[in-house]
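Participant: First the structure, then my questions, so here it is.
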Amino acid sequence: MSGSSNIVAMKKIVQQLRFEANINRVKVSQAAAELQQFCIQNALQDPLLTGVSSSTNPFRTQKAFSCSCDISAGEKTKKTTAMMCN
Amino acid sequence: MGEMEQMKKEAEALKTQIEAARKAVGDTDMASAASGVAPAPRVQLKTRRTLKGHLAKIYAMHWSTDNNLSSLSSIGVFRLMVSASQDGKLLIWDSHSGNKVNAVPLKSSWVMTCAYAPSGNLVASGGLDNMCTVYNLKTPVIKTVKELDAHTGYLSCARFLSDTEILTSSGDTTCALWDLETGKQKTVFLNHVGDCMCLSLSPDMNTFVSGACDSLAKLWDIRDGQCKQTFQGHTSDINAISFYPSANAIITGSDDCTCKMYDLRADQEVISYQDAALNSGVTSLALSMSGRLIFAGYDDFNCNIWDSLKGEKVGVLSGHDNRVSCTGVPEDGMCVCTGSWDSFLKIWN
């Protein structure tokens, strides 16, 4: 019957609101300060923020090139590969 | 007073109580709190790759988190991504070379989402077929391993927790956690009253957030199914949502043309990213590694870049000839990918 299912639905709404009302809340000033700190601490490791230098940019070349070089064999090979394929 | 009347009164009283509790801790907002922070630099990114291969609108893309290099390499390189188009295909791309690594033909071309498993072994897709289909990329021929069929509405988003569990959001207003071994729903998340459009897993994978057409974002406990918090403020469908890398905040994007940050611990909106000149809905969003930059895709063909702390627009990615439908930043933060209804994906840094 729609009457009793409405009551069941309403009970669930009230239950959910009671749950949400009871959580602890932190002051926005404190939460904001911690979020800022996180951002600033990680800024130097954020390539899109600091910019990616051409030498370390894996997307540097615009065109796709066909190349059989193995660039998975380590840092040194990767550098020579980049030189060879440019 | 009837039982129904009493409960309605209690509900109203609780809503008032919640608003008062939020006001009580609302001693500032993010932009004011960040007034002492140096502004983010003007961000000018170049298109490094234009990935051509899809024949119709692209609806979704997702970066792999799998480190695909051999153990000899000292740097983790995150290069594979999956994209989904209404041409009826998933394409797996090597973003560095721009080459297609794999193509997965879909039974239903009305795809709305795709996902890459953290292991790199599986991908998933779903859409107007109401199902989430999971494929194994590592078998000699790509195989369908499961068709997850229980939602009664379209599949809007899917995200793998592992090779054995996946989370989905649906137009049937529910989200669900599935067991990939049995193909059954383990937990159903019920509380939204509008189509669920998007979801984002917390970094520790104990919780997730969902955004829906009821203009609300909700935080859920993955294990017990409980809706823990509800975030209001948007005035239209929330199409995109993402956890902030610190895990204590979320960013949402909506048809109301704004993005918002909600702090989970303060339980409220702390900043809105909007501009009077912007009157297109937000379709997608992704964050840079530190969280400082928000890349938001809009219906007006652009992707705007916002300073998440100060609320200012610091750049724009222009280049698509149609709506930007999806954006993603890989785990190493080295670039941002945009996908569009113009059928192309672009890689920028």
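Participant: Tell me, B:Leu55, B:Leu155, B:Leu287 in order of fewest to most beta-carbon neighbours within 10 Å? Don't jump to the answer; show the numbers that get you there.
Facilitator: Numbers: B:Leu55 11, B:Leu155 28, B:Leu287 24.
Ordered from fewest to most neighbouring Cβ atoms within 10 Å, B:Leu55, B:Leu155, B:Leu287 come out as B:Leu55, B:Leu287, B:Leu155.
Participant: Same structure again: With a 10 Å Cβ neighbour count serving as the proxy for reagent exposure, in which order, fewest first, do A:Phe38, B:Phe243 appear?
Facilitator: Details: A:Phe38 19, B:Phe243 22.
The order, fewest Cβ neighbours first, is A:Phe38, B:Phe243.
Participant: In the stretch B:131-159, which residues have a backbone nitrogen under 14 Å from the label point lying 7 Å from B:Lys184's Cα in the Cα-to-Cβ direction?
Facilitator: B:149-150
Participant: A further question follows. In terms of the Cα gyration tensor, with a ≥ b ≥ c the square roots of its eigenvalues, is the stretch B:108-251 rounded because a/c is under 1.5, prolate because a/b exceeds b/c, or oblate? Can you show the working numbers first?
Facilitator: On the way: a/c = 1.83, a/b = 1.48, b/c = 1.24.
Note, shape of the stretch B:108-251 comes out prolate.
Participant: Another question, then. For the stretch B:156-232, just say rounded, prolate or oblate: build the C-alpha gyration tensor, square-root its eigenvalues into a ≥ b ≥ c, call rounded for a/c under 1.5, and beyond that prolate if a/b exceeds b/c, oblate if not.
Facilitator: Details: a/c = 1.86, a/b = 1.47, b/c = 1.26.
Prolate is the answer for the stretch B:156-232, as a/c is 1.5 or above and a/b outweighs b/c.
Participant: Same structure again: For the stretch B:1-143, what does the relative contact order come out to in percent, with C-alpha contacts under 8 Å and a separation of six or more? Walk me through the numbers before you get to the answer.
Facilitator: Working: 210 pairs, mean separation 22.1, N = 143.
With pairs under 8 Å counted, the relative contact order is 15 percent.
Participant: Do you know the relative contact order of chain B, to the nearest whole percent, from alpha carbon pairs under 8 angstrom that are 6+ apart? Show your work: numbers first, answer last.
Facilitator: Details: 973 pairs, mean separation 49.6, N = 349.
Reported as a whole number, the value is 14 percent.
Participant: Give, in nm to one decimal, the length gained when the segment between B:Lys23 and B:Asp149 is fully stretched (0.36 nm per residue of separation minus the Cα-Cα distance).
Facilitator: 41.1 nm
Participant: Pick from B:Thr168, B:Thr182, B:Thr235 the residue whose mean-square fluctuation is largest in a GNM of chain B, springs joining Cα atoms under 10 Å.
Facilitator: B:Thr182
Participant: Something else: Counting only other chains, what is the mean number of Cβ atoms within 10 angstrom of the Cβ of each residue in peptide B:261-268? Don't jump to the answer; show the numbers that get you there.
Facilitator: On the way: counts 2, 0, 8, 4, 10, 9, 7, 3.
Mean inter-chain Cβ contacts per residue within 10 Å come to 5.
Participant: Oh, and also: Most mobile of B:Ala115, B:Ala60, B:Ala11 per a Gaussian network model of chain B (Cα springs, under 10 Å)?
Facilitator: B:Ala11
Participant: Starting with the highest mean, order B:201-211, B:143-153 by the number of other Cβ atoms within 10 Å, averaged over the residues of each peptide. List each step's numbers first, then the result.
Facilitator: Values: B:201-211: 18.7, B:143-153: 16.0.
So the order, starting with the most tightly packed, is B:201-211, B:143-153.
Participant: Counting only helical runs of four or more DSSP H residues, what would the 222 nm mean residue ellipticity of the protein assembly as shown come to if each run contributes -39,500 (n - 2.57) and the total is spread over all its residues? List each step's numbers first, then the result.
Facilitator: Values: 6 runs with 76 residues, N = 435.
Dividing the helical sum by the residues of the protein assembly as shown leaves -5500 deg cm²/dmol.
Participant: Here's another thing I want to ask about it. Among B:214-220, B:107-113, B:37-43, how do they line up by average Cβ neighbours within 10 Å per residue, starting with the highest? Walk me through the intermediate numbers first.
Facilitator: On the way: B:214-220: 22.3, B:107-113: 18.7, B:37-43: 14.7.
Descending packing order for the listed peptides: B:214-220, B:107-113, B:37-43.
Participant: How well do other chains shield peptide B:96-106, expressed as the mean number of their Cβ atoms within 10 Å of each residue Cβ? All intermediate terms of the calculation are to be shown ahead of the outcome.
Facilitator: Details: counts 6, 8, 6, 2, 0, 0, 0, 0, 0, 0, 0.
Per-residue shielding by partner chains comes out at 2.
Participant: Further question on the same structure: Specify the inter-centroid distance of the stretch A:20-41 and the stretch B:270-349, based on alpha-carbon positions, in whole Å.
Facilitator: 25 Å
Participant: Between B:Ala277 and B:Asn136, what is the spin-label point distance in nm, taking each point 7 Å from the Cα along the Cα→C-beta axis?
Facilitator: Calculated label separation equals 5.3 nm.
Participant: Follow-up question, since we're still on this one. Could you work out the relative contact order of the stretch B:144-204? I mean the mean sequence separation of Cα pairs under 8 Å and 6+ apart, divided by the number of residues, in percent. Don't skip to the answer; put the middle values down first.
Facilitator: On the way: 120 pairs, mean separation 18.5, N = 61.
Averaging sequence separation for qualifying contacts and normalising by length gives 30 percent for the stretch B:144-204.
Participant: Less than 15 Å Cβ to Cβ from B:Arg223, Lys/Arg counted +1 and Asp/Glu -1: what total charge do the surrounding residues give? Mind dumping the intermediate values first?
Facilitator: Numbers: positive: B:Lys186, B:Lys228; negative: B:Glu165, B:Asp179, B:Asp204, B:Asp221, B:Asp224.
Here the charged neighbours net out to -3.
Participant: Now for a separate question. For B:Met4 and B:Thr16 in one chain, what is 0.36 nm times their gap in residues minus the Cα-Cα distance, to one decimal in nm?
Facilitator: Working: separation 12, 0.36 × 12 = 4.32 nm, distance 1.85 nm.
Gain on stretching B:Met4 to B:Thr16: 2.5 nm.
Participant: Separate question: What's the percent breakdown of Cα-Cα distances in chain B across 20 Å bins, shortest bin first?
Facilitator: 31, 58, 11, 0
Participant: When ranked by the protection proxy of mean other Cβ atoms within 10 Å per residue, highest first, what sequence do the peptides B:124-135, A:6-17, B:274-285 form?
Facilitator: By packing density, highest mean first, the sequence is B:124-135, B:274-285, A:6-17.
Participant: Which far-off residues, 5 or more places away or on another chain, put their amide H under 5 Å from the one on B:Glu312, with H placed in the peptide plane?
Facilitator: Result for B:Glu312 returns B:Asp307.
Participant: Continuing with this model, one more query. For the stretch B:80-108 and the stretch B:172-230, write down the distance between their C-alpha centroids in whole Å.
Facilitator: Using only Cα atoms, the two centres lie 27 Å from each other.
Participant: Okay, next question. Enter the mean number of other protein chain beta carbons within 10 Å of the beta carbon of each residue in A:4-15, as an integer.
Facilitator: Whole-number average of other-chain Cβ neighbours for A:4-15 is 3.
Participant: Hey, with R₀ at 30 Å, roughly what FRET efficiency would A:Lys27 and B:Met205 work out to, going by the Cβ-Cβ distance, to 0.05? Provide the component values of the computation, followed by the final result.
Facilitator: On the way: r = 28 Å, r/R0 = 0.93.
Here the calculated transfer efficiency is 0.60.
Participant: Do any of B:Lys46/B:Lys228; B:Lys15/B:Lys260; B:Lys89/B:Lys260; A:Lys12/B:Lys146 go past 29 Å between their Cα atoms, and which? Walk me through the numbers before you get to the answer.
Facilitator: Numbers: B:Lys46/B:Lys228 41 Å; B:Lys15/B:Lys260 21 Å; B:Lys89/B:Lys260 33 Å; A:Lys12/B:Lys146 33 Å.
Listed pairs above 29 Å: B:Lys46/B:Lys228; B:Lys89/B:Lys260; A:Lys12/B:Lys146.
Participant: Can you put B:Trp306, B:Trp341, B:Trp348 in order of Cβ neighbours within 10 angstrom, beginning with the fewest?
Facilitator: Working: B:Trp306 27, B:Trp341 20, B:Trp348 23.
Listed from fewest to most nearby Cβ atoms, that is B:Trp341, B:Trp348, B:Trp306.
Throughout, read-outs are computed from the coordinates displayed, never taken from laboratory work. Predicted, not measured: the structure shown is a model, and the values here were computed from it. In this analysis, Cβ positions are derived from the backbone assuming ideal geometry, glycine residues included, and neighbour counts consider all displayed protein chains.
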